[in-house]
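A.B. asks: The structure that follows is given in the form of structure tokens.
The values are calculated or read from the model by the stated rules, or taken from the named source; none is laboratory data. None of these values were measured; they are calculated from a predicted model. Cβ placement follows ideal geometry from the backbone for every residue including glycine, while neighbour counts extend to all protein chains displayed.
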Amino acid sequence: MSAHAEPMSRRAWLLNESPASRRQAAWGRRYRLWLDFRRNPLAMAGLCTLVTLGLLTLAAPVVGRYDPAAQDLAYRLAEPSWAHWFGTDELGRDVLARVLYGGRITLGMVVAVVLLVAPIGLVIGIVAGYFGGFADRVLMRVTDVFLAFPRLILALAFVAAIQPGITSAIAAIALTAWPPYARLARAETLTIRNTDFIAAVRLTGASPWRIILRHVAPLCLPSLIVRVTLDMSSIILTVAALGFLGMGARPPSPEWGAMIATARRFILTQWWVPLVPGLAIFVTSLAFNLLGDGLRDVLDPKQR
């Protein structure tokens with residue numbers, strides 16, 4: 001009896017309509033958001049897919065079974081079989097192992113880009129929206145300049161100006177990806193800064209930076225999280241495009257875009273070589289889109 005009572009009491013504690021503390025209220029709100037999110041089967045499918053992909057890439061040495069750089073010309077362009085589930089490439093390297101290890105590079109680059117652009121866009125947008133005036137005009141004009149260039153073209157120009165590689169690709173994509181987040185954060189801040197509770201906080205003597213950090217930024221985060229999740233697919237495609245063009249991760253690195261670039265001449269004969277990394281890009285992008293749609297339904301009050 002007691003084994004079932006504790007989970008029920010915890011659930012009742014989370015769903016209590018009259019929380020006894022701020023901690024209980026915060027965790028109760030998070031739990032309700034999770035329940036709303038869980039009711040969306042497509043969003044759950046996207047989340048489960050991403051978790052599975054993440055676990056597979058982490059377990060690449062076990063699941064892949066082969067060294068992604070090991071060449072075996074005796075098994076060059078071998079068809080999918082029990083020994084090589086997704087076949088081998090033009091140098092006899094196991095395609096499955098390369099896709100799993102390549103997921104570490106591709107997804108790692110995507111995470112690095114997000115960790116760079118989201119805080120930068122958030123800070124620039126909040127500062128421009130809260131202070132207004134000269135700061136707003138300068139920051140938004142700089143943002144407009146970056147928005148005037150297509151993301152991939154600007155990233156290619158930046159990488160070409162320095163040295164192609166993973167670090168250069170991350171910096172180039174981050175340089176071109178932050179403006180939409182700044183615009184979004186500015187729009188959210190403009191609607192928040194004139195509200196009654198912000199005026200009440202000002203009357204208590206709080207400094208502008210304290211108001212921004214403690215009150216404005218947390219209210220901008222939900223919209224930013226949704227936008228980041230929805231933009232993950234475009235970031236993945238940009239990373240893969242740079243790899244495909246030889247401006248990002250370069251062969252023999254098992255990055256998905258670079259794998260497609262080296263295997264594109266086999267697309268009509270040994271179709272499995274370019275198909276598998278292409279499917280990895282497609283499935284990952286689709287999963288992020290499904291997850292982003294689910295988060296938007298839960299976090300955006302206008303969708304309720």
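A.B. asks: Between 251, 274, 218, which is within 22 Å of residue 164 (Cα to Cα), over 17 Å from the mean Cα position of the chain (by Cα) and of a type outside the set (Ser, Thr, Tyr)?
C.D. replies: On inspection, the qualifying residue turns out to be 251.
A.B. asks: So which residues in segment 193-223 are closer than 14 Å to residue 127 by Cα and in contact (Cβ under 8 Å) with a residue 40 or more places away in the chain, if there are any at all?
C.D. replies: 193, 208, 211, 212, 216, 217, 220
A.B. asks: Does segment 84-106 include one or more residues that are without any contact (Cβ under 8 Å) to a residue 12 or more places away in the chain, over 17 Å from residue 252 (Cβ atoms) and small (Gly, Ala, Ser)?
C.D. replies: no
A.B. asks: Further question: Taking segment 250-292 as the region of interest, how many residues are at pLDDT below 90 and either in contact with a Leu (Cβ under 8 Å, 6 or more places away or on another chain) or outside any helix (DSSP H, G or I) (or both)?
C.D. replies: 16
Okay, residues lined up against (1) within 14 Å of residue 179 (Cβ to Cβ); (2) without any contact (Cβ under 8 Å) to a residue 60 or more places away in the chain; (3) among the polar types (S, T, N, Q):
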{"residue": "117", "(1), (2), (3)": "yes, no, no"}
{"residue": "120", "(1), (2), (3)": "yes, no, no"}
{"residue": "132", "(1), (2), (3)": "no, yes, no"}
{"residue": "139", "(1), (2), (3)": "yes, yes, no"}
{"residue": "143", "(1), (2), (3)": "yes, yes, yes"}
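Here's the yes/no breakdown for (1) touching a Pro at 6+ places or on another chain (Cβ under 9 Å); (2) aromatic (Phe, Trp, Tyr):
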site: 214; (1), (2): no, no
site: 218; (1), (2): no, no
site: 224; (1), (2): no, no
site: 227; (1), (2): yes, no
site: 232; (1), (2): no, no
site: 235; (1), (2): no, no
site: 239; (1), (2): no, no
site: 244; (1), (2): no, yes
site: 248; (1), (2): yes, no
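A.B. asks: Something else now. Being touching a helix residue (DSSP H, G or I) at 6+ places or on another chain (Cβ under 6 Å) and among the small types (Gly, Ala, Ser) is the filter; apply it to segment 94-134 and report the residue that is farthest from residue 167 (Cα to Cα).
C.D. replies: Within segment 94-134, the match that is farthest from residue 167 (Cα to Cα) is 129.
Here's the yes/no breakdown for (1) small (Gly, Ala, Ser); (2) assigned to a helix (DSSP H, G or I); (3) surrounded by 21 or more Cβ atoms within 10 Å (Cβ to Cβ):
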residue: 77; (1), (2), (3): no, no, no
residue: 98; (1), (2), (3): no, yes, yes
residue: 114; (1), (2), (3): no, yes, no
residue: 143; (1), (2), (3): no, yes, yes
residue: 153; (1), (2), (3): no, yes, no
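A.B. asks: Let me ask another. Restricting the search to segment 248-267, which residues are surrounded by fewer than 22 Cβ atoms within 10 Å (Cβ to Cβ) and within 22 Å of residue 114 (Cβ to Cβ)?
C.D. replies: Correct list: 253 only.
A.B. asks: Could you check segment 157-201 and list, in sequence order, the residues that are among the hydrophobic types (A, V, I, L, M, F, W, C), at pLDDT 85 or above and over 22 Å from the mean Cα position of the chain (by Cα)?
C.D. replies: Across segment 157-201, the qualifying residues are 190, 192, 197, 198, 199, 200, 201.
A.B. asks: Quick test of your reading of the structure: residue 39 fulfils all but one of (1) modelled with pLDDT under 85; (2) under 30 Å from residue 279 (Cβ atoms); (3) of a type in the set (D, E, K, R). Name the failing condition by number.
C.D. replies: (1)
A.B. asks: Okay, moving on. Could you pull out the residue among 100, 77 that is within 20 Å of residue 233 (Cα to Cα) and either modelled with pLDDT of 90 or more or touching a strand residue (DSSP E or B) at 6+ places or on another chain (Cβ under 7 Å) (or both)?
C.D. replies: One residue alone meets the criteria, 100.
A.B. asks: Still on this structure: In segment 49-64, which residues are in contact with a Phe, Trp or Tyr (Cβ under 9 Å, 6 or more places away or on another chain) and either at pLDDT below 85 or not in a helix (DSSP H, G or I) (or both)?
C.D. replies: The answer is 64, and nothing else.
A.B. asks: Looking at the structure I just gave you, is residue 69 part of a loop (DSSP other than H, G, I, E, B), surrounded by 13 or more Cβ atoms within 10 Å (Cβ to Cβ) and touching a Ser or Thr at 6+ places or on another chain (Cβ under 8 Å)? Break it down into steps so the answer makes sense when it comes.
C.D. replies: Numbers: part of a loop (DSSP other than H, G, I, E, B): yes; surrounded by 13 or more Cβ atoms within 10 Å (Cβ to Cβ): yes; touching a Ser or Thr at 6+ places or on another chain (Cβ under 8 Å): no.
When the stated conditions are applied, residue 69 does not pass them.
A.B. asks: Please go through segment 12-67 and pick out each residue that is touching a helix residue (DSSP H, G or I) at 6+ places or on another chain (Cβ under 7 Å) and aromatic (Phe, Trp, Tyr).
C.D. replies: Answer for segment 12-67, where residues must be touching a helix residue (DSSP H, G or I) at 6+ places or on another chain (Cβ under 7 Å) and aromatic (Phe, Trp, Tyr): 13, 27, 31, 37, 66.
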